[in-house]
Amino acid sequence: MEYKDYTKLRWKLIAMTLGFSLVPLFVLGWNIYYQFHVSYTEKIRDNLKTLAENRRSSIDLFLDERASQLMTLAYTHSFEELRHKERLDKVFNLMQARAKSFVDMGIIDGDGNHVSYVGPYELMGVNYKDEEWFNAVTIRGIHISDVFMGFREFPHFVIAVRRREDDRSWILRATIDTDIFESMVKAARLGLLGDAYVVNREGVLQTRTRFGDGVLTPSVAPPGPRFAGVEIRQRSNSRESLLEANVWLERRIGCWSSRKTSAKSFLPCSRLVTWSSASFWEECWRSRRGPSW
């Protein structure tokens, strides 16, 4: 009888000892995990925000420089000079010598007629009077278009500037090399699952995504109303959780977005908890076996 009582008492003492030892450790471990999870998530958000701001500045600077080049060219050369293909070809080659960011260049008169052109497409004689970009540059004086198909039936976007010369207006238009533009966007892709792309105000993709969505297809998440700064969104589906940074470009009607898969981002957090748990159970096993001499 006494032996059973001692056995029962022994197990009670073991249970109390384990309870007083394990419960605080589990509470402490969960608190550490939670705090690390919060701080690590905030770190990812800050990194995405910084990346989005830096990439927005780079893209805006790229577009500003190209627009300034065209504006300078238009106001240092007359319509009569640039309407001659030989002169336009010489100017175009000079600009391309520094940075090959243009595909072609053309001069359009006030009626929308393409009077001079340098480039790989057959666009001489085309009339742009009914095109959206033509009306926009006529009103604003400078315009950076969305990506569109146009007469060449290939996705592209243009920068156009208008000059008033004497009693007439004319337009200098150049097409941006989309490969160069997309390479600037792709540079912001993080890891194996990160993505970066540009959409317009209607939510139509202006660059290709990493996972196969093509240009001029609807994006998964339209940008919504215009906002200042960087907006961080968290979205989830049946397979994964996503953190997304969105920012509006200044010089273009578009929103730049960088996406990172949260599940992969939180791997260090999961590994830390797994390692801590393994270490804890190893210490429990050692204490149970007693010291090894």
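All of the numbers you see were taken from the coordinates with simple rules; none came from a lab. Source: prediction; values computed, not measured. Virtual Cβ from ideal backbone geometry, glycine too; neighbours counted across all protein chains shown.
For an R0 of 41 angstrom, estimate the FRET efficiency from the Cβ-Cβ distance between residue 33 and residue 13 and round to the nearest 0.05.
Values: r = 30 Å, r/R0 = 0.74.
The pair residue 33/residue 13 has a calculated efficiency of 0.85.
Mind jotting down the distance between the C-alpha centroids of the range 110-177 and the range 37-98, whole Å?
For the range 37-98 versus the range 110-177, the Cα centre distance is 17 Å.
Just flag the chymotrypsin sites (Phe, Trp or Tyr not before Pro) in the range 189-246 sitting in loop per DSSP whose Cβ has no more than 12 other Cβ atoms within 10 Å.
211, 227
Per-residue counts of other Cβ atoms within 10 Å, averaged by peptide: what ranking do you get for 216-225, 145-154, highest first? Please report the intermediate quantities before stating the final value.
On the way: 216-225: 13.5, 145-154: 16.1.
So the order, starting with the most tightly packed, is 145-154, 216-225.
In square nanometres and to one decimal, what's the mean projected area of the convex hull around the Cα atoms of the range 63-177?
On the way: hull surface 25.8 nm².
Spelled out: convex hull of the Cα atoms, projected over all directions, averaged, 6.4 nm².
Let me make sure I get this right: for the range 1-126, a, b and c are the square roots of the gyration tensor eigenvalues over alpha carbons, sorted descending. Under 1.5 in a/c it's rounded, otherwise prolate if a/b > b/c, else oblate. Which is it? Numbers along the way, then the final one.
On the way: a/c = 7.57, a/b = 5.93, b/c = 1.28.
The shape class here is prolate.
What full-extension length gain, to one decimal in nm, is calculated for residue 21 and residue 77 as 0.36 nm per residue of separation minus the Cα-Cα distance?
Numbers: separation 56, 0.36 × 56 = 20.16 nm, distance 8.40 nm.
The residue 21-residue 77 span can extend by a further 11.8 nm.
Starting from the Cα-Cα distance between residue 138 and residue 165, subtract it from 0.36 nm times their residue separation and give me the gain in nm to one decimal.
Details: separation 27, 0.36 × 27 = 9.72 nm, distance 1.35 nm.
This chain segment gains 8.4 nm when fully extended.
Using r as the Cβ-Cβ distance of residue 180 and residue 232, and R0 as 30 Å, what FRET efficiency do you calculate, to the nearest 0.05? All intermediate terms of the calculation are to be shown ahead of the outcome.
Details: r = 28 Å, r/R0 = 0.94.
Between residue 180 and residue 232 the formula returns 0.60.
Could you state, as a whole-number percent, how many of the C-alpha pairs of the range 151-238 are farther apart than 19 Å? All intermediate terms of the calculation are to be shown ahead of the outcome.
Values: 2131 of 3828 pairs.
Value for the range 151-238 (Cα pairs over 19 Å): 56 percent.
Send over the Kirkwood Rh of the range 1-65, from the inverse of the averaged 1/r over different Cα pairs, rounded to one decimal Å.
Numbers: mean 1/r = 0.0597 Å⁻¹.
After inverting the pairwise mean of 1/r, the radius is 16.8 Å.
For a protection proxy built on the mean count of beta-carbon atoms within 10 angstrom, sort 55-63, 77-85, 103-111 highest first, please. Write out the running numbers ahead of the final one.
Details: 55-63: 17.2, 77-85: 15.1, 103-111: 19.9.
Ranked from most to least packed, the peptides come out as 103-111, 55-63, 77-85.
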